[in-house]
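Notes follow once the structure below has been shown.
The values are calculated or read from the model by the stated rules, or taken from the named source; none is laboratory data. Computed from a predicted model, the values in this text were never measured in an experiment. All Cβ positions, even for glycine, are placed from backbone atoms using ideal geometry, and neighbour counts span all protein chains on display.
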Amino acid sequence: MTESLLRVGIYRPAELPQSFKVYADNVERYFPEFGVQAVHFESKTEIPQTVDVFWDVRSGGGNPPLEFLLGKKIPLVMTVHGFAPISLSGWEYFQTIKGTILSKTYAREKLERWKELKEGVAAMIAVSQFTKEEAVRLIGVPEQKITVCHHGASPEFRPQEPIKPKENYFLHISNNEPRKNVARIVEAFQRLKKTHDVRLKLKLPHEEGGKYQNIKGVELIQGMLSTEDLVKLYQNASGFVFPSLYEGFGMPILEAMACGCPVITSNVSACPEVAGEAAKIIDPRNVQALQHAMEQLIDQTHGIGQRFITAGLQRATQFDWKKSAEGHAVTMGYAKK
């Protein structure tokens, strides 16, 4: 514990997306160990004036800094989670004609706002080396201004005890954005289903699952899941399928590995950075490659699934929320100076 507390003002509005809440909660859990006190505020009109640093946790999708936190005597540290709508093609991000047409304007406007506001950011935290490189490439933030702090694997995500045989299903969890590549997962599964007795469980938002509900072998899981139920889904699956076109980190990859579930994921964006050599890495745009990877996991002849289970469990131990929180604390301490 440091001698004097570093007071960090954290903007956490009621509408903050759940993924950002989970991220902030896990980091803040360890702040006291590094002499950091979190001061939450959720209104632009109630900005605390007695903090040392502001922390913006919600820059996903290429969102620029929060302008109302700039231009003050208190430095701003922001976490960047990714630049998907700027980095991907309009079609791959929106998959609508209107979105494709408007995507260049959308991206240009965000980049222009970054150009105007980036100098006001004292320091930046990137959730992966890939995201750091995106920030340098797309918005021109100097490398020395960015610290990489990977996410961690929460202790709730753990392997089954005692270990039981895997059930005959593949699992995918996402919000069904086009970049999550669900249509190709389903296509690969339908091909696999012709020769294998296997199921596909899709955890998608209620409004997003309708197009898949009448496909043989596909089981939709909708509504809120407890962490305990989510862990069981990971633990029992023959494989977790996550061939995303773009991830700033890819938290489900880590969760699945920590639960002893073999993973299939992409060779693009941050996915291989998180997975290392502990997952089956494929081209996410190649349905045949995805089908073959699923086939390898479901066929136990060569023990590939077990190999990835063992490697994944080891890989997950390399990601730690406490270590991440320490990196955040150090970055915020530098920003104060």
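I need a count of the residues in segment 39-60 that are among the small types (Gly, Ala, Ser) and crowded, with 17+ Cβ neighbours inside 10 Å.
2
Which of (1) surrounded by 18 or more Cβ atoms within 10 Å (Cβ to Cβ); (2) over 24 Å from GLN314 (Cα atoms); (3) under 16 Å from the mean Cα position of the chain (by Cα) does ASN175 not meet, given it meets every other one?
Single failed check for ASN175: (1).
Quickly run through segment 276-291 and pick out the residues that are crowded, with 16+ Cβ neighbours inside 10 Å and over 13 Å from VAL198 (Cβ atoms).
Passing the criteria: ALA278, ALA279, LYS280, ILE281, ILE282, PRO284, VAL287, ALA289, LEU290.
Would you check if MET332 is buried (at least 21 other Cβ atoms within 10 Å of the Cβ), over 21 Å from the mean Cα position of the chain (by Cα), over 28 Å from PRO165 (Cβ atoms) and not polar (S, T, N, Q)?
yes
Report yes if PHE130 is surrounded by 19 or more Cβ atoms within 10 Å (Cβ to Cβ), under 16 Å from the mean Cα position of the chain (by Cα), closer than 24 Å to PRO272 by Cα and not assigned by TED's automatic domain parsing to the domain that holds ARG58, otherwise no.
Judged against the criteria, PHE130 is not a match.
Test PHE157 against the stated conditions and say whether it is of a type in the set (A, V, I, L, M, F, W, C), buried (at least 16 other Cβ atoms within 10 Å of the Cβ), modelled with pLDDT of 95 or more and not assigned by TED's automatic domain parsing to the domain that holds PRO65.
Yes.
When you check GLU187 against the structure, is it farther than 26 Å from TRP91 by Cβ, surrounded by fewer than 19 Cβ atoms within 10 Å (Cβ to Cβ) and either modelled with pLDDT of 95 or more or not polar (S, T, N, Q) (or both), yes or no?
no
Is there any pair with a first residue in segment 245-272 that is assigned by TED's automatic domain parsing to the domain that holds ALA311 and a second that is of a type in the set (Lys, Arg) whose Cβ atoms are under 6 Å apart and which are 6 or more apart or on different chains, and what are they?
LEU245/ARG179; TYR246/ARG179; MET257/ARG315; ILE264/LYS280
Could you look through segment 1-26, keep only residues that are in a helix (DSSP H, G or I) and of a type outside the set (Val, Ile, Thr), and pick out the one that is surrounded by the most Cβ atoms within 10 Å (Cβ to Cβ)?
It comes out as TYR23.
Can you pull out every residue in segment 209-228 that is among the charged types (D, E, K, R) and touching a strand residue (DSSP E or B) at 6+ places or on another chain (Cβ under 9 Å)?
Of everything in segment 209-228, just one residue is among the charged types (D, E, K, R) and touching a strand residue (DSSP E or B) at 6+ places or on another chain (Cβ under 9 Å), namely GLU219.
Any residue that is in contact (Cβ under 8 Å) with a residue 40 or more places away in the chain and under 16 Å from the mean Cα position of the chain (by Cα) - is there at least one of those in segment 180-203?
So far as segment 180-203 goes, yes, one or more of its residues are in contact (Cβ under 8 Å) with a residue 40 or more places away in the chain and under 16 Å from the mean Cα position of the chain (by Cα).
Restricted to segment 10-44, and to residues that are in contact with a Pro (Cβ under 9 Å, 6 or more places away or on another chain) and either at pLDDT below 95 or outside the structural domain of VAL77 (by TED's automatic domain parsing) (or both), which residue is nearest to SER154 (Cα to Cα)?
Going through the qualifying residues, I end up with GLU42.
Touching a residue at least 40 places away in the same chain (Cβ under 8 Å) and either more than 24 Å from ASP283 (Cβ to Cβ) or touching a Cys at 6+ places or on another chain (Cβ under 6 Å) (or both): is that true of GLU207 in this structure?
no
Just to verify a result, which residue in segment 252-275, among those that are surrounded by fewer than 21 Cβ atoms within 10 Å (Cβ to Cβ) and either among the polar types (S, T, N, Q) or out of contact with any helix residue (DSSP H, G or I) (no Cβ under 6 Å at 6 or more places or on another chain) (or both), is nearest to LYS193 (Cα to Cα)?
Applying the filter and picking the extreme gives ASN267.
So which residues in segment 305-316 are over 17 Å from ASN236 (Cβ atoms), crowded, with 18+ Cβ neighbours inside 10 Å and of a type outside the set (Gly, Ala, Ser)?
Result: ARG315, single match.
Residues are listed down the side, and each one gets a yes or a no for (1) modelled with pLDDT of 95 or more; (2) part of a helix (DSSP H, G or I); (3) among the basic types (Lys, Arg):
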| residue | (1), (2), (3) |
| --- | --- |
| ILE264 | yes, no, no |
| SER269 | yes, no, no |
| VAL274 | yes, yes, no |
| ALA278 | yes, no, no |
| PRO284 | yes, no, no |
| GLN296 | no, yes, no |
| THR301 | no, no, no |
| GLN306 | no, yes, no |
| ILE309 | yes, yes, no |
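Scan segment 27-74 residue by residue and report those that are within 24 Å of MET251 (Cβ to Cβ), of a type in the set (A, V, I, L, M) and not in a helix (DSSP H, G or I).
Correct list: VAL36, ALA38, VAL57, LEU66.
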